[in-house]
1. Kindly provide the set of residues from region 140-170 that are part of a helix (DSSP H, G or I) and exposed (fewer than 15 other Cβ atoms within 10 Å of the Cβ), ordered by number.
2. Which residue pairs have Cβ atoms closer than 8 Å, lie 6 or more positions apart in sequence or on different chains, and pair a first residue in region 212-224 that is modelled with pLDDT of 85 or more with a second residue that is among the charged types (D, E, K, R)?
3. Please indicate, with yes or no, whether at least one residue in region 115-122 is surrounded by 13 or more Cβ atoms within 10 Å (Cβ to Cβ), modelled with pLDDT of 80 or more and either in contact with a strand residue (DSSP E or B) (Cβ under 8 Å, 6 or more places away or on another chain) or not in a helix (DSSP H, G or I) (or both).
4. Only one of (1) assigned to a helix (DSSP H, G or I); (2) at pLDDT 80 or above; (3) surrounded by fewer than 16 Cβ atoms within 10 Å (Cβ to Cβ) fails for residue 47. Which number is that?
5. With respect to residue 107, determine if the residue is touching a residue at least 40 places away in the same chain (Cβ under 8 Å), assigned by TED's automatic domain parsing to the domain that holds residue 3 and out of contact with any Pro (no Cβ under 7 Å at 6 or more places or on another chain).
6. How many residues does region 134-168 hold that are under 47 Å from the mean Cα position of the chain (by Cα) and closer than 18 Å to residue 237 by Cβ?
7. Would you point out the residue of region 1-12, among those that are over 33 Å from the mean Cα position of the chain (by Cα) and at pLDDT 90 or above, that is farthest from residue 33 (Cα to Cα)?
8. For region 74-102, name all the residues that are in a helix (DSSP H, G or I), more than 18 Å from residue 214 (Cβ to Cβ) and not aliphatic (A, V, I, L, M).
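The values are calculated or read from the model by the stated rules, or taken from the named source; none is laboratory data. Note that the structure is a prediction, hence the values are computed from the model and not measured. With ideal geometry, Cβ positions are generated from the backbone for all residues, glycine too; neighbour counts draw on all protein chains shown.
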Amino acid sequence: MLNFIYYPVSFILWVWHKAFSFLFGEAGLGGGIAWTLSVMFLVFTLRLILYKPFVAQVRSMRKMQEFQPEIAKLRKKYANDRQKQAEEMQKLQKEHGVNPVAGCLPVLVQVPVFIGLFQVLRTFSPLNADGSVRTENYFFDKAGVDSFNAASLFGAKLGNWVLQGEEALNAAGTSIASMLIVMIPLMIAAGIFTHITARHSVARQTAAQGENPQTAIMNKLMLYVFPIGVVVGAPFLPLAVLLYWVSNNLWTLGQQYVVYRRIDAEESEKAEQKTATQQSLAPRPGQKPVRPETAVPMEKKKTPGAKPVAPRKPAVGAKPVRPGGSTAKAGGSSNGAAKPSGSTAKPAGGANGGAGSSGDTARSGGSARPPARRPRKRR
């Protein structure tokens, strides 16, 4: 049913075994070392594929920490409405470009890989369930199956586990004592590395996250329950699975160191750039800050050799604009003294309307203009 997982896992294991068996051989201690390194580099290959999702997970966690106060406000505001709280949380995560599913992707992918490795190692046994001789194991042929069953690491078989019993282990070519000599160091190393990896993850959390009851419970599980579970479950697991667990935690420790250091350097650089920008925009000591609305626009510089721009001439028939045009109604003189309107008015009673001309004279600031001549009617 899960062959789409088993075959890729067995193929990667097959490739690495071909490479290391060429270097160390397939007989004796060399064969055990070749199979041990094949299992370890299977883990490294899969974790290298998941490197970018892990970086995305770390960045997503950092963004979640940045708007954690907003999340706390939403939880407090919609404490009695879980559905509305979930909707608002999704909107907030979408605004900040955070995808919680992407943060869980590396962990979710490792689960089927672990299941696939366990299944491939379990089916390396020389006999099938019906008692017939096993001739293949997914991507491995009968020669590969025989090579795995014949290989041993310091007398312990990689495909066997302690609780199989003395009789079954003797039939496989090993013993409980030989298995314990290899299993106990691997078991202790797996538990310690699991605890250290969890401690590094917990140390990156903020104080607000640590105060959350659910986060506190999860931290205790990661720090103590999971490492103890690995130690207690070691006798039930094949040695190759313990090798997988130790290799996985070693890779996680190194990857956390590299990724966290890189992201911390990026954030410190951004903070320095932001501080430098603020300092460059800040006014100098004793200098008044210049507001945008009061800033004086800079004059355009004249290009060398450019022709001078002559002022525009008034249009034909347009009245010339005088400097004192605003005082036209008050008299129109440059010194502000208004002339009497009657000094230049013609006597009334004329055929051409002297009253109108006197009014025009008064409005024009005392200067007399001849009235417009009317065209004569032809008889």
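1. Those that are part of a helix (DSSP H, G or I) and exposed (fewer than 15 other Cβ atoms within 10 Å of the Cβ): 142, 143, 163, 166, 167, 168, 170.
2. Close Cβ pairs satisfying both conditions: 223/199.
3. yes
4. (3)
5. No: the conditions fail for residue 107.
6. 14
7. 7
8. If the condition is that a residue be in a helix (DSSP H, G or I), more than 18 Å from residue 214 (Cβ to Cβ) and not aliphatic (A, V, I, L, M), then 77, 83, 84, 87, 88, 90, 91, 94, 95 are the ones that fit.
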